[in-house]
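No value in this document is a laboratory result; all are computed from the given coordinates. Everything numeric here is computed off the predicted structure, so don't read it as measured data. Quick reminder, even Gly has a Cβ in these numbers, built from the backbone with ideal geometry, and neighbours come from all protein chains shown.
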Amino acid sequence: MALRRPLLIPFCLVPLLGLSQAGAEKAAPQQQRAVVTEPYQGGWNVPTQAAKEEADESQFFAPPAPAAQQQLDLLRWERNASLARNAGTIPSVDHARLVDLAVDLNTTAPNSFEAHMANYYAQFPASSAFQELELATLKGADREELLAPRLVNAARQDNTVELTVRAKEMKAKGRIAPALYTVAEDILASLEPEAVLFAAGDMDAFPLWVEQFANGRQKDVLVVDERLLGDAAYRTRIWERTKAKGAVAAQAGFIGSLANATSRPVYLSLALGQQAMAPLKDQLYVTGLAMRWSRTPVDNMPLLEARWDRMRKPLDAGPLSKNYLVPGAVLLTHYRHIGDEARAARVELELRAMAKSLGVTSNLVKSGILQH
């Protein structure tokens with residue numbers, strides 16, 4: 001008998017562990033280097049209020065030329081902080097703040113590189129954001145702030161030639177935190193050939209694209225940026241690329257609709273939030289650092305057993321390190337269920353060490369994964 005994923009463990013852990021993306025903390029200014037450390041660069045802490053106020057006030061004492069850059073840094077910084085507080089999403093109240101900051105910057109330096117970039121962040125993921133990106137590129141094609149948006153735009157257009165160029169640029173200049181490449185390798189090892197993987201964004205998608213298009217690994221996998229599904233043209237490209245049958249689905253329920261319409265295996269990154277996972281929870285099976293969608297039961301335990309010991313499980317990958325607790329918790333519950341005390345004890349010991357290092361032991365106790 002196929003063994004279904006027990007106890008819907010990922011959905012118990014998601015709200016407790018705060019899985020998904022994180023924001024950035026302010027980095028010290030350096031010449032020719034962005035002031036703001038992005039999530040994928042290892043800046044996964046919410047900026048302190050004191051530091052924020054210092055940056056906010058510094059605008060009024062800066063000479064006219066750097067003022068626009070400082071305003072853009074502040075906008076990016078607040079965006080990252082919102083992502084950190086809200087598990088990779090930006091709520092409407094925070095988005096309104098970004099819009100206000102963009103309006104201010106357009107007043108300070110209209111038609112500047114910084115103004116167009118502010119508009120990009122304020123309007124993302126709408127198609128108009130990428131029009132602003134084109135205008136910003138005309139103003140400063142060599143600016144570091146363009147690296148991530150241009151990579152996203154190449155993926156949005158499903159342009160593999162451009163993706164290769166931008167992925168190589170990101171690898172060379174983007175300063176992606178090394179641990180995120182390890183996470184990306186573990187994600188790819190959790191997938192079948194020709195898989196379609198829905199990813200959350202910066203921290204999981206960027207390293208995956210670099211691994212695929214700069215390093216040439218598992219290019220058969222299609223990484224879909226879940227944030228872009230509001231763009232009808234992007235949904236159509238994904239639908240056609242996967243040879244899905246029928247009419248292109250709307251944004252609401254797109255993942256499930258595509259999974260039902262394509263013959264390619266469909267997976268969800270564990271970095272996706274509960275909102276994306278919950279509608280599909282009875283059809284998702286943890287296979288490592290990803291979840292496989294299936295309309296029929298899947299015996300995922302042999303896959304997990306084989307992959308758990310091979311996963312490298314970095315504990316310095318910010319919030320994505322917590323995602324390793326999900327397959328571990330599934331395995332532990334399985335071993336308890338079948339009465340395999342020896343293997344249960346081994347996995348529990350590893351989970352306890354990981355949880356202690358990540359500061360989430362009480363969360364695992366609260367969820368019932370650890371008994372005390």
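Of the listed peptides 305-314, 263-272, what is their order by residue-averaged count of other C-beta atoms within 10 Å, with the highest listed first?
Peptide ranking by packing, descending: 263-272, 305-314.
Could you give the dipole magnitude of region 96-160 about its Cα centre, charging the beta-carbon of Lys and Arg +1 and that of Asp and Glu -1, in debye to the nearest 20?
Its charge dipole is roughly 100 debye.
About the Cα centre of region 279-343, how large is the charge dipole given +1 on each Lys and Arg Cβ and -1 on each Asp and Glu Cβ? Please answer in debye to the nearest 20.
So the magnitude is around 220 debye.
Taking every eigenvalue of the Cα gyration tensor of region 176-298, multiplying by 5 and rooting it, what semi-axes result, largest first, whole Å?
22, 16, 14
When only Cα pairs under 8 Å and 6 or more residues apart are kept, what is the percent relative contact order across region 137-220?
So the answer I get is 32 percent.
Using modelled amide H (1.01 Å from N, peptide plane; none on Pro or chain starts), what sits under 5 Å from the amide H of residue 44, excluding residues fewer than 5 places away?
The list, which skips near neighbours in sequence, is 25.
If you take every DSSP beta bridge fully contained in region 176-298, what fraction is antiparallel? Give it as a percent rounded to 5.
Around 45 percent antiparallel, to the nearest 5.
Determine the dipole magnitude for region 114-245: charges of +1 sit on the beta-carbon of Lys and Arg, -1 on that of Asp and Glu, nothing else is charged, the reference point is the Cα centre, and the result goes in debye to the nearest 20.
It works out to roughly 260 debye.
For region 361-372, in order, what is each residue's ³J(HN,Hα) by Karplus, 6.51 cos²θ - 1.76 cosθ + 1.60 with θ = phi - 60°, in whole Hz (x at glycine and Pro)?
With the stated coefficients, region 361-372 comes to 4, 5, 5, 5, 5, 4, 7, x, 5, 9, 7, 6 Hz.
Hey, what do the phi angles of region 220-227 turn into as Karplus ³J(HN,Hα) couplings, whole Hz, using 6.51/-1.76/1.60 and θ = phi - 60°, x for Gly and Pro?
With the stated coefficients, region 220-227 comes to 6, 7, 9, 8, 9, 7, 4, 5 Hz.
Tell me, in nm to one decimal, what length is gained between residue 251 and residue 232 on full extension, where the rule is 0.36 nm per residue of separation less the Cα-Cα distance?
Gain on extension, residue 251 to residue 232, equals 6.1 nm.
In region 84-157, with Lys and Arg counted as +1 and Asp and Glu as -1 at Cβ, which of these residues, 116, 152, 137, has the Cα nearest the positive end of the dipole, that is, farthest along it?
The listed residue farthest towards the positive side: 152.
Check which residues have an amide H placed less than 5 Å from residue 262's amide H, if you skip close sequence neighbours.
Amide H to amide H, under 5 Å and 5 or more residues apart or across chains, residue 262 pairs with 245.
Taking amide hydrogens as modeled 1.01 Å from N in the peptide plane, which residues meet the under 5 Å criterion relative to residue 88, leaving out close sequence neighbours?
For residue 88, whose amide H was placed from the backbone, the distant partners under 5 Å are 21.
Sorting check: for 126-136, 326-336, which peptide has the highest mean count of neighbouring beta carbons within 10 Å, and how do the rest follow?
Output ranking for 126-136, 326-336: 326-336, 126-136.
In whole Hz and in residue order, list the ³J(HN,Hα) couplings for region 302-310 that follow from phi through the Karplus curve 6.51 cos²θ - 1.76 cosθ + 1.60, θ = phi - 60°; x for Gly and Pro.
Result, rounded to whole Hz: x, 5, 5, 4, 6, 8, 4, 6, 7.
For residue 365 and residue 144, calculate 0.36 nm times their separation in residues minus their Cα-Cα distance, and state this gained length in nm to one decimal.
That works out to 75.3 nm of additional length.
Which of rounded, prolate, oblate describes region 61-141, given a ≥ b ≥ c as roots of the alpha-carbon gyration tensor eigenvalues and a/c under 1.5 marking rounded, otherwise prolate only if a/b is larger than b/c?
Here region 61-141 falls in the oblate category.
Specify which residue in the list 365, 328, 317 is farthest towards the positive end of the charge dipole of region 300-372, using unit charges on the beta carbon of Lys, Arg (+1) and Asp, Glu (-1), about the Cα centre.
317
Given 0.36 nm per residue, what is the gain on full extension from residue 165 to residue 310 after removing their alpha carbon distance, in nm?
49.1 nm
Quick check on region 81-200: take the gyration tensor over C-alpha atoms, sort the square-rooted eigenvalues as a ≥ b ≥ c, and tell me if it's rounded (a/c under 1.5), prolate or oblate.
The shape class here is prolate.
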